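Here the structure comes first, spelled out in structure tokens, and everything after it is commentary.
Nothing in this text is a laboratory measurement; each read-out follows from the coordinates by a stated rule. As the structure is a prediction and not an experimental result, all values here were calculated from the model. Note: ideal-geometry Cβ built from the backbone for every residue, glycine included; neighbour counts use all protein chains shown.
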Amino acid sequence: MTLGLREFHPFEAAGRRYLYLVPSAAVFALDDCSEAILAELGRGPQPLAELTQTLAARFDAVEVTDTIAELQRVRALGEMAAKAAPMPKIVPLRPVPLQTLVVNVTNQCNLACTYCYEYGEDKIVDTENGQQPKFMSEETARESVEFALRESRENKHAHITFFGGETLMNFPVLKSTIAYARRRAAEVGKDIDFSLTTNATLLQPDVIEFLANQRVGVTISIDGPEEMQDKFRVFNNGQGSYAMAAPKIKALLQRHRTRPVGARVTLTRQTLDVRRIYQHLSEELGFWEVGFAPVTTAPGRDYAIADQGFDHLLEQFRALAADYLAAALENRHHGFSNVRETLQEIHHGHAKAYPCGAGIGLMGVSTDGRVALCHRFAGSDDHGLGTVKDGVSWERQQAFLDTHHVANKTDCSTCWARPICAGGCYHEANTRYGTTQAPNLHYCEWIRGWTHTCLEIYGELAEKNPAFLSQFDDEPTEKVS
């Protein structure tokens, strides 16, 4: 039997060598014997007897045999006579319980952000002149609640996220919907909770009081200090939004303490100073957590991040990640959510077949009640699954899951980071390449670099403060952005 190396990504942390095993998404710590075996096979495949004999001078024969068997079991090495069997293409055989329903209560906004995927140059649905109502009715909102409770199936918990446009422009329907949903959830024996995303400009005192009393999770869309925020996040007259938003954010943070309030930052070519943005939002405004996402846009836009921009962004992320690690080693809170979310995925060890829950555990509802893959496709005929009133088509879901499986993305088949990425955001792929089935090739190197950094952090914590990682044991991983 001749043995050779299989697919893995090596990394070092805390003076120890690890393997990130692909495609199982497991993290495997090496000892001296396993390192020696991999080093020998790194020179080329070897017969088992020859490999054992080579290592006999340094290690006990039983230890070598057991370690080889263990490395075979985790698929770090295998027989060369037979090609490594690919991981099976696993798709759900029945509808997956809905975890998060994103309800677009309005497609209108009081801002005119230059890069907005809903109103800007790259929009896929005409929310201004199309057939959708500009505001969701109370009837449609209640039908959305019934849909969420029904499609959560055997799950005892349902979650609704309110979205827009600017969510708070339809605050009356949001308020009545939460009251209705709490009553109906109690009647069917389920727990339900709520969150929303807002640009903060409409956070009046009564709104803040309601959100705090109702324990509604809040994410604020904000891009940093005033000069960065006002570069693209402006009103229709071109006036910046920071001066209006900042005092209202401070008022919200002072009153709403029942759930952590997070910031969501859109990064552009002109606003890539991640550490400065984080410092302002975390230390000066007081956000508990800050998450960053590169702008979703066609490559030719003035604000699009080019290749060198992604290199700079990776450097910035790594610097802020080092701050996160230092805090984690001392059990101090650090709010860089991009690290936390990636550590969570590594800890769970999920080899993702799909980049997110879109079309499976997460769906989006447009103002007229049509259900789409996610909130970014709300109202798109090409990406619809059904309606909240009549339900969704499992056949359409199955067709989507089959065609969008990572196994169908040939560019991903040789990428070691595919268990974390699975090709990337469908909406971004549709914007960049014209189809949701394409992998996001423009940020492959960025994803690999960032995943490697987070693996190093995970290894450091596993060696020096393993108790810190226990917080990820039961946390859900779905997010909305």
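Overview of results
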{"quantity": "Built amide H within the under 5 Å cut-off of Gly217, gap 5+", "calculated": "Phe194, Ser195, Leu196"}
{"quantity": "Under-5 Å amide H pairs with Asn110, H placed in peptide plane, nonlocal only", "calculated": "Glu166"}
{"quantity": "Neighbourhood charge, 13 Å Cβ-Cβ cut-off, centred on Ala322 and excluding it, Lys, Arg +1 and Asp, Glu -1", "calculated": "-2"}
{"quantity": "Loop trypsin sites (Lys or Arg not before Pro), region 280-389, which have at most 14 other Cβ atoms in a 10 Å radius of their Cβ (DSSP)", "calculated": "Arg332, Lys389"}
{"quantity": "Subset of Lys156/Lys352; Lys175/Lys248; Lys250/Lys389 violating a 29 Å alpha-carbon distance limit", "calculated": "Lys250/Lys389"}
{"quantity": "In Hz, Karplus ³J(HN,Hα) per residue of region 154-167 (6.51, -1.76, 1.60; θ = phi - 60°; x = Gly, Pro)", "calculated": "6, 4, 8, 10, 10, 9, 10, 10, 8, 9, x, x, 8, 3"}
{"quantity": "Extreme residue, positive dipole direction of region 238-323, given options Gly291, Ala322, Gln270 (C-beta unit charges)", "calculated": "Gly291"}
{"quantity": "Free-standing Cys residues across the chain, given no other cysteine C-beta under 4.7 angstrom", "calculated": "Cys33, Cys109, Cys356, Cys374, Cys412, Cys415, Cys421, Cys425, Cys444, Cys454"}
{"quantity": "Segment Glu445-Thr410, length gained on full extension (0.36 nm per residue, minus Cα span)", "calculated": "11.0 nm"}
{"quantity": "Stretch gain in nm, segment Ser393-Asp323, where the contour uses 0.36 nm per residue and the Cα spacing is subtracted", "calculated": "20.6 nm"}
